[in-house]
Amino acid sequence: MMKPHKKVERLMLFGAVAETLSFGAAAEKMQISRGYLSEQIRELELALGVKLLQRSTRQVSLTNEGKQVYADTKKINRSVVELEQNLVREHTQLEGVIAVTAPNMFAHFLLSELCFNFSQQHPGVTFRLDTSYHRHDLNRGHFDLAFRSTNNPPQDMVAKPLFTYSHAIVAAPHYLEQYGKPSGASDLNVHQCLCGPDQDSWVIDGKRTPINGWLKLNDNLALIQHVLAGRGIARLPSYVVNAHIKTGELAALFNVDDLTGAQQESTSKKKHHQMYIIHPQRPHQSLRMKAFLDAVKHAQNDGFFNRSI
């Protein structure tokens, strides 16, 4: 059985003969010997089980089967040309789609602005942004890069830290006026604690505190809106709530990542979370990816990610 790469080579050689109707001209064009060319065409005919060319001492002509195969080789040639053009474009032109996966809150409060600013500078680039909390396998090729909050970045990827952040338990001032401000973690059991579907406790001062409330949901953007409306208390990332705390829209009740005394000294490395930008290890990145990674680096150096922490 003919190997796929050999079949493609012989089809390309046949296409050259079919185009010129001359073994000599085709051999010169492909920069190979006439004997090698003739042998490869015979092997192709044997593998396909059909006669592709009628040969005589004066001329070469195509059989009906040869005409059909020649039409197919022209399609392959067009695909190869298009592939080459796309590869050149990837590395010489700033255009195309960048597919990104990122946590919902990070995408809303930071990443969307970063992508918009980049697209203003490079209008040929568009973004496809997935904001689920599912950790997609970047090796599958559906996404070019990911932003992830993790303290254990994948070892088979390029992972660069962007910023660290903590969490805070917050409530709107008018909620606290109506229901009172909890003086300690144990007071939370009489408050409306809004959280994700799988949460039933928060860690405060190094201790796990049971919580309950009228709502559990997996949409953090909706969650913060409920908190701002005075409908309960929530645990949210610092880069989300600090701007609201500064304006007085929210009040911080506890820093859930802070520990006290000996606990703080022994676990200080765990009280903050790390946001990474992660992408596969590719020796030849597209020009748009190189430019976007540079833009993220410049934003990091300019303090873009730390402005809300």
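The values are calculated or read from the model by the stated rules, or taken from the named source; none is laboratory data. Note that the structure is a prediction, hence the values are computed from the model and not measured. With ideal geometry, Cβ positions are generated from the backbone for all residues, glycine too; neighbour counts draw on all protein chains shown. Just the protein is used for accessible areas: all its heavy atoms, side chains included, with ligands, DNA and RNA removed. Shrake-Rupley method; radii C 1.70, N 1.55, O 1.52, S 1.80 Å.
Stretch E28-Q155 to full length: gain in nm at 0.36 nm per residue minus the Cα-Cα span?
Values: separation 127, 0.36 × 127 = 45.72 nm, distance 5.04 nm.
The E28-Q155 span can extend by a further 40.7 nm.
Let me see the pair-distance distribution of the range 31-176: every alpha carbon pair, 10 Å bin width, integer percents in order.
In order of increasing distance, the bins hold 8, 21, 20, 13, 14, 13, 6, 3, 2, 0 percent.
Multiply the residue gap between I245 and Q281 by 0.36 nm, knock off their C-alpha separation, and tell me the result in nm, one decimal place. Please report the intermediate quantities before stating the final value.
Values: separation 36, 0.36 × 36 = 12.96 nm, distance 3.95 nm.
Computed gain between I245 and Q281 is 9.0 nm.
Which GluC sites (Glu not before Pro) in the range 39-143 pass both tests, a DSSP loop state and at most 16 other beta-carbon atoms within 10 Å?
Those satisfying the criteria are E95.
With a 1.4 Å probe and all protein chains left in place, how much accessible area per residue does the chain have, in Å²? Walk me through the intermediate numbers first.
Details: 17530 Å² over 309 residues.
Heavy-atom accessible area per residue stands at 57 Å².
Between H298 and D205, what is the label-to-label distance in nm when each label sits 7 Å out along the Cα-to-Cβ direction?
4.8
Once you have the Cα-Cα distance between D219 and R55, take 0.36 nm times their residue separation minus that, and quote the gain in nm to one decimal.
On the way: separation 164, 0.36 × 164 = 59.04 nm, distance 7.19 nm.
Answer, rounded to one decimal: 51.9 nm.
Would you calculate, for the chain, the mean residue ellipticity at 222 nm contributed by helices, counting each DSSP H stretch of 4 or more residues as -39,500 (n - 2.57) and dividing by all residues, to the nearest 500? Could you put the intermediate results ahead of the total?
Working: 10 runs with 126 residues, N = 309.
Theoretical 222 nm ellipticity from helices: -13000 deg cm²/dmol.
Over the chain, with a Gaussian network built from C-alpha contacts below 10 Å, which listed residue (T101, T126, T63) shows the highest mean-square fluctuation?
T63
Under a point-charge model restricted to the Cβ atoms of Lys and Arg (+1) and Asp and Glu (-1), what is the dipole moment magnitude of the chain relative to its Cα centre, in debye to the nearest 20?
Values: 35 positive and 29 negative charges, 211 e Å.
With only Lys, Arg, Asp and Glu charged at Cβ, the dipole is about 1020 debye.
Treat the chain as a sphere of radius equal to its Kirkwood radius over Cα pairs and apply Stokes-Einstein at 20 °C in a medium of 1.002 mPa s; give the translational diffusion coefficient in µm²/s, rounded to a whole number.
Details: Rh = 24.6 Å.
Reported coefficient: 87 µm²/s.
Quick one: if the Förster radius is 41 Å, what FRET efficiency do D72 and L129 give, using the C-beta to C-beta distance and rounding to 0.05? Present the calculation step by step, with values, prior to reporting the outcome.
Numbers: r = 40 Å, r/R0 = 0.97.
Calculated value: 0.55.
Compute the distance from the alpha-carbon center of the range 189-221 to that of the range 146-165, in whole Å.
Each part reduced to its Cα centre gives a spacing of 26 Å.
Taking the DSSP beta bridges in the range 119-251 as the whole, what percent of them are antiparallel, to the nearest 5?
Working: 9 of 12 bridges.
Antiparallel bridges: around 75 percent, rounded to the nearest 5.
Where both residues lie in the chain, what percent of DSSP beta bridges are antiparallel, nearest 5?
Numbers: 26 of 37 bridges.
Taking every DSSP beta bridge with both residues in the chain, the antiparallel ones total about 70 percent.
In the chain, which longest range has no trypsin sites (Lys or Arg not before Pro) that are both DSSP loop (not H, G, I, E or B) and surrounded by at most 13 other Cβ atoms within 10 Å? Before the final figure, lay out the partial values.
Numbers: sites that count: K51, R58, R135, R307.
With trypsin sites (Lys or Arg not before Pro) excluded where exposed in loops, the chain gives 136-306 as its longest stretch.
Given a 1.4 angstrom probe, I'd like the percentage of the accessible area of the chain that is carbon and sulfur, rounded to a whole number.
Working: 8620 of 17530 Å².
C and S fraction of accessible area: 49 percent.
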